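The values are calculated or read from the model by the stated rules, or taken from the named source; none is laboratory data. In this text, all values refer to a predicted model and were calculated from it rather than measured experimentally. Neighbour counts are summed over all protein chains in view; Cβ atoms, including those assigned to glycine, are modelled from backbone coordinates with ideal geometry. Just so you know, the surface numbers come from the protein's heavy atoms only, side chains and all, with ligands and any DNA or RNA stripped out. Shrake-Rupley method; radii C 1.70, N 1.55, O 1.52, S 1.80 Å.
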Amino acid sequence: MTPRSRRPLILASLALLALAACNRDREPDRGDVPTRVAGSQPTVVRPDFAPASDTLLLSAPAGANWPTYGGSYNNQRFSSLDQINRENVGELQLAWIYQTGIPESFETTPLVIGTVMYLSTPESHVVALNAATGEKLWEYVPALRPIPLCCGPNNRGVAAWGNKVYVGTLDGRLVALDNRTGAVAWTAALVDTLSDEAASITMAPLAYAGKVFVGLAGGEFGIRGRVAVFDAETGKRLWVWNTIPAPDEAPNGWWGSFKETDPFGTPLNRDVAHERETQAQFPTAWTHGGGPVWTTPAYDPATNTLFFTVGNPSPDLNGEPRPGDNLYTGSIVALDGETGKLKWYFQYLPHDVWDLSPGSPPFLFTREGKTYVGHAGKTGWLYIVDAGTGRPVLRSDNFVPQENLFTPPTDSGVRMLPGANGGVGWSPVAYSPTRNLAYLLALNQPMVVVRTPQPFEPGRMWLGGSFRYLPDAEQFGVVAALDMATGQIRWQRRTPRPNLGGVLATAGDLVFVGQADGAFDAFDAETGDLRWQYRTGAGVSGGPITYAINGIQYVAVASGGNHQLNTPRGDNLYVFTLRQNLPRRAGPAYPEPRFAHSGAARPGAGPRIPQPPPTAAGSTAVAVPGQPGAPGAAPAPPQPGAPAQATPAAPVQPQPTPAQPTPAQPAPAQPAQPRPAQARPAPAAPAAGGRPATTPESARARPAAPAPRPAAPPLLGRPVAPPPTTPPRPDTSDAPRG
């Protein structure tokens with residue numbers, strides 16, 4: 001070979017050496033962890049912090065991303081992903097766990113955009129995670145003012161638009177965060193007056209067309225409910241709509257037309273004549289008339305219409321100081337998304353004195369070119385109305401028992417079914433457009449409702465009576481599939497305890513739901529057969545989602561219990577994938593420690609310990625007759641704690657528990673970066689109960705994490721007694737945690 005011909009080879013070799021050195025010196029991006037792509041070598045999934053574009057938000061149904069609370073603007077909670085399906089769901093295994101450190105009521109639905117998951121927690125925290133690995137990227141911790149809470153420190157999710165993430169706080173603020181850092185971009189208040197001191201935000205906001213929608217909760221404290229829309233970029237308030245109209249904001253104010261039946265002719269057993277006689281005695285009742293908005297609206301981009309539900313009037317159980325229909329409580333409402341003007345309302349429960357007004361978010365579906373609104377009520381019925389006009393179309397068969405329905409409460413008490421938790425409480429419904437079935441999570445929980453006169457006091461719970469649980473009465477949960485063409489029940493399954501949570505339906509013909517006893521289930525969407533189950537150790541009240549990264553489908557759900565039902569607490573987000581998609585990596589290497597040894601010492605010239613004779617190889621060995629290893633001895637049995645050969649888990653019906661994957665090795669540490677967050681590899685088996693609380697990294701990069709906060713004692717649910725006025729855990733920071 002001539003010198004000229006050798007020159008390209010030498011240059012190429014030098015280039016390869018330089019490239020290798022460059023790669024060796026490169027620090028991996030935060031969150032880099034090798035993961036396995038089916039059928040290929042492990043790859044690195046980096047957080048991309050992809051913006052939530054209008055194109056992404058307008059896509060339906062949900063696919064690789066889960067960009068809104070309901071998966072897409074129609075709130076159907078249906079995914080087109082089918083890699084996980086009813087044929088292979090038995091191979092579903094735990095991929096990773098993230099622990100929030102707040103073992104409290106955990107009702108969130110995460111968002112996934114690109115490779116980043118945005119998770120809200122109790123007490124209005126927001127955490128960004130690598131959605132493939134669970135590594136924490138940042139955490140936002142708000143500084144909350146003291147506020148009384150009726151139903152726990154809940155937060156049901158966040159919204160995203162562009163490069164911002166939006167969260168509503170327990171003290172009534174809407175906060176915009178930078179999606180890469182968690183830094184606060186702007187804050188806007190939805191609470192304006194002293195009478196709103198008990199108002200809070202627990203719903204996931206909705207971002208659409210450069211705007212952000214959010215609504216107030218707190219109907220148990222006599223607020224005047226409202227929703228508002230803000231500019232997504234600047235935080236400027238664009239419009240406000242009051243859920244309780246003033247006398248000049250509706251044809252007859254909030255009094256309405258004094259309806260004696262519901263829209264389907266069911267008697268409400270009202271004393272309308274008495275209400276009309278006493279109307280003049282309560283001219284300002286509307287100023288603290290309630291009307292909370294618990295959950296996220298559905299949105300129709302074609303008509304620029306927002307659809308949401310309005311909850312109970314105040315006081316909940318005593319209608320005497322609030323005569324009339326109490327508009328717009330007990331209603332599905334449609335507003336113009338640009339102006340906030342009322343398009344129509346459908347009040348299916350006028351003058352509610354049972355706390356059966358709606359909580360579950362509505363969803364949109366289309367059949368034969370026509371769009372409808374569906375909503376599952378606390379009453380035990382699912383309602384279908386025309387999306388263009390609000391006219392009622394259908395009321396389903398009752399999916400829970402009904403007893404003394406719409407019987408007015410008395411001073412001595414009336415037993416009623418459903419109880420105040422539902423029916424379907426705030427739990428979102430899933431709808432499958434391929435099967436035209438709605439899947440819901442409901443509960444049977446009888447209560448005795450007692451009416452008691454009570455004056456209004458700002459900041460104090462104002463029920464006008466009480467709810468009494470019946471511990472000896474039969475209680476259970478219901479998972480049901482309803483035919484949206486006929487309103488008939490296609491299939492139902494009874495669960496051991498009453499449930500509040502969410503439902504996910506997929507193109508893989510699966511329906512995922514969580515249970516109060518800690519089970520996370522996958523049902524056959526067509527037959528209702530149980531296909532898979534995982535025991536989480538805490539009540540599963542989060543909304544399940546599914547997403548895909550690099551061709552791998554994941555399923556995620558929050559498991560932390562529920563304040564209202566006082567279910568077992570925890571702080572875990574569980575993420576699952578199919579067994580073949582799990583990382584295949586050796587465990588960590590533990591090198592021999594190297595240091596100077598001073599040798600063993602004796603306190604004097606004592607006798608020496610005899611040494612066994614050397615073997616042929618120069619080592620020592622002792623053979624004891626009858627012991628394993630001695631001549632003629634039987635093979636040694638396995639010792640306790642010794643590793644055994646793993647046996648692949650197979651699906652077990654009706655309640656299989658899959659085996660756990662090999663723990664994942666954390667990402668390499670980086671200089672000058674905060675320590676990796678609390679995502680943990682899969683354990684050998686799910687915990688029997690909620691995990692101990694672990695405190696996240698402190699704000700502003702403090703040098704050491706604070707001590708773990710002890711779990712709070714269970715609090716009584718709203719129907720039992722007035723809530724404690726103790727505020728959520730205080731924090732002096734309103735900055736992101738890195």
Item to check | Complete set of residues in the range 518-560 that are among the aromatic types (Phe, Trp, Tyr) and under 18 Å from SER120 (Cα atoms) | outcome: TYR547
Next on the checklist: Considering only the range 201-223, I want to know if a residue exists there that is open to solvent by 10 Å² or more (accessible area, probe 1.4 Å) and closer than 15 Å to ARG460 by Cα.
Outcome noted: no
Item to check | Residues (outside any loop (DSSP other than H, G, I, E, B) and farther than 23 Å from TRP426 by Cβ) located in the range 323-343 | outcome: ASP336, LEU342, LYS343
Checklist entry - Which of the strands (runs of 3 or more DSSP E) contained wholly in the range 1-119 include at least 1 residues that are modelled with pLDDT of 70 or more and touching a helix residue (DSSP H, G or I) at 6+ places or on another chain (Cβ under 8 Å)? => result 92-99, 111-113
Checklist outcome for this item: For the range 306-350, the count of residues that are more than 25 Å from the chain's Cα centre (by Cα) and either farther than 24 Å from ARG237 by Cβ or of a type outside the set (Gly, Ala, Ser) (or both) equals 31
Checklist outcome for this item: Of the conditions (1) without any contact (Cβ under 8 Å) to a residue 40 or more places away in the chain; (2) surrounded by 13 or more Cβ atoms within 10 Å (Cβ to Cβ); (3) not hydrophobic (A, V, I, L, M, F, W, C), the single one that ASP262 does not satisfy is (1)
Checklist outcome for this item: Those residues of the range 330-351 which are closer than 24 Å to GLY464 by Cα and open to solvent by 10 Å² or more (accessible area, probe 1.4 Å) amount to HIS351
Next on the checklist: Please go through the range 375-393 and give me each residue that is in contact (Cβ under 8 Å) with a residue 60 or more places away in the chain, open to solvent by less than 40 Å² (accessible area, probe 1.4 Å) and in a strand (DSSP E or B), ordered by number.
Outcome noted: HIS375, ALA376, LEU382, ILE384
Checklist outcome for this item: Of all strands (runs of 3 or more DSSP E) fully inside the range 397-486, the set with 1 or more residues that are polar (S, T, N, Q) and open to solvent by less than 40 Å² (accessible area, probe 1.4 Å) is 430-432, 437-444, 465-469
Next on the checklist: Going residue by residue through the range 159-167, is there one that turns out to be under 23 Å from PRO358 (Cβ atoms), in contact with a Ser or Thr (Cβ under 9 Å, 6 or more places away or on another chain) and either modelled with pLDDT under 95 or of a type in the set (Ser, Thr, Tyr) (or both)?
Outcome noted: no
Checklist entry - Name the pairs whose Cβ atoms lie under 8 Å apart, with the first residue in the range 97-123 and closer than 16 Å to GLY152 by Cβ and among the aromatic types (Phe, Trp, Tyr), the second part of a strand (DSSP E or B) and open to solvent by 10 Å² or more (accessible area, probe 1.4 Å), and 6 or more positions between them or separate chains? => result none
Checklist outcome for this item: Within the range 244-265, the residues that are part of a loop (DSSP other than H, G, I, E, B), touching a Leu at 6+ places or on another chain (Cβ under 8 Å) and within 15 Å of PRO313 (Cβ to Cβ) are ILE244, PRO245, ALA250, TRP255, GLY256, LYS259
Checklist outcome for this item: Note on TRP354: of the conditions (1) open to solvent by 20 Å² or more (accessible area, probe 1.4 Å); (2) assigned to a loop (DSSP other than H, G, I, E, B); (3) among the aromatic types (Phe, Trp, Tyr), unmet is (1)
Next on the checklist: For the range 266-275: of the residues being out of contact with any Gly (no Cβ under 9 Å at 6 or more places or on another chain) and not in a loop (DSSP other than H, G, I, E, B), which is nearest to ASP325 (Cα to Cα)?
Outcome noted: VAL272
Checklist entry - Identify, please: which residue in the range 160-200 is under 18 Å from VAL127 (Cα atoms) and of a type in the set (S, T, N, Q) and is, among those, surrounded by the fewest Cβ atoms within 10 Å (Cβ to Cβ)? => result THR187
Checklist entry - Taking the range 516-531, which residues are in contact (Cβ under 8 Å) with a residue 60 or more places away in the chain and not in a strand (DSSP E or B)? => result ALA525, GLU526, ASP529
Checklist outcome for this item: Here the qualifying pairs (Cβ atoms under 7 Å; residues six or more apart or on different chains; first in the range 318-342 and under 18 Å from THR389 (Cα atoms); second among the acidic types (Asp, Glu)) come out as GLY330/ASP352
Item to check | Any chance THR452 is of a type in the set (Ser, Thr, Tyr) and under 27 Å from THR287 (Cα atoms) | outcome: yes
Item to check | Residue that is nearest to HIS351 (Cα to Cα) [pool: residues in the range 265-285 that are in contact with a Ser or Thr (Cβ under 8 Å, 6 or more places away or on another chain) and open to solvent by 20 Å² or more (accessible area, probe 1.4 Å)] | outcome: ASN269
Checklist entry - Yes or no: ALA143 open to solvent by 10 Å² or more (accessible area, probe 1.4 Å) and on the phi > 0 side of the Ramachandran plot? => result no
